């Protein structure tokens, strides 16, 4: 099994069956730019749930490596994965946290398996978080593909 690369929009996931749309969020409680704006436009409840999660500090705990699954329509969930520390570089380090993405992807794998869902995402952690795809791709392979989860990664045209 390998990652399926798709030219398209991850907010319009392709294929049959249940789907989990994964994106990386920050631990500062800020709903950023770019992909999350497309998520908000299509499913405002994903943003509302993230903001409430940050404010209430409920379950699961709000922090690096945690994932909030928001059912946005029948058989489609948005996974708010906290894999970015803060908003900007600090001490020369970008905000991406690969260990938190890895922990979150393990949680996504368990959830997707329980729902018999495929996973869809942009190149997570590689936008505002300033991550490198060469670091993220093996995490997806290890945590999702090795668990038998189908994965599609979307690049806009």
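Among the residues of region 60-76, is any assigned to a loop (DSSP other than H, G, I, E, B) and within 11 Å of residue 22 (Cα to Cα)? No, every residue in region 60-76 fails to be assigned to a loop (DSSP other than H, G, I, E, B) and within 11 Å of residue 22 (Cα to Cα).
Looking across region 54-101, just one residue is out of contact with any strand residue (DSSP E or B) (no Cβ under 8 Å at 6 or more places or on another chain), surrounded by 14 or more Cβ atoms within 10 Å (Cβ to Cβ) and over 19 Å from residue 123 (Cα atoms), and that is 54. Is there a residue in region 22-44 that is closer than 18 Å to residue 119 by Cβ, within 14 Å of the chain's Cα centre (by Cα) and surrounded by fewer than 20 Cβ atoms within 10 Å (Cβ to Cβ)? Within region 22-44, one or more residues are closer than 18 Å to residue 119 by Cβ, within 14 Å of the chain's Cα centre (by Cα) and surrounded by fewer than 20 Cβ atoms within 10 Å (Cβ to Cβ). On inspection, residue 117 does not qualify as in contact with a helix residue (DSSP H, G or I) (Cβ under 9 Å, 6 or more places away or on another chain), touching a residue at least 60 places away in the same chain (Cβ under 8 Å) and either farther than 17 Å from residue 43 by Cβ or surrounded by fewer than 18 Cβ atoms within 10 Å (Cβ to Cβ) (or both). The set of residues in region 13-35 that are more than 20 Å from residue 55 (Cα to Cα) and touching a residue at least 12 places away in the same chain (Cβ under 8 Å) comprises 13, 14, 15, 17, 18, 19, 20, 21, 22, 34, 35.
Readers should treat all values here as calculations from the given coordinates under stated rules, not as data from a laboratory. Remember, it's a predicted structure, so these values are computed and weren't measured experimentally. Positions of Cβ are generated from backbone atoms using ideal geometry, with glycine treated the same way; all protein chains shown enter the neighbour counts.
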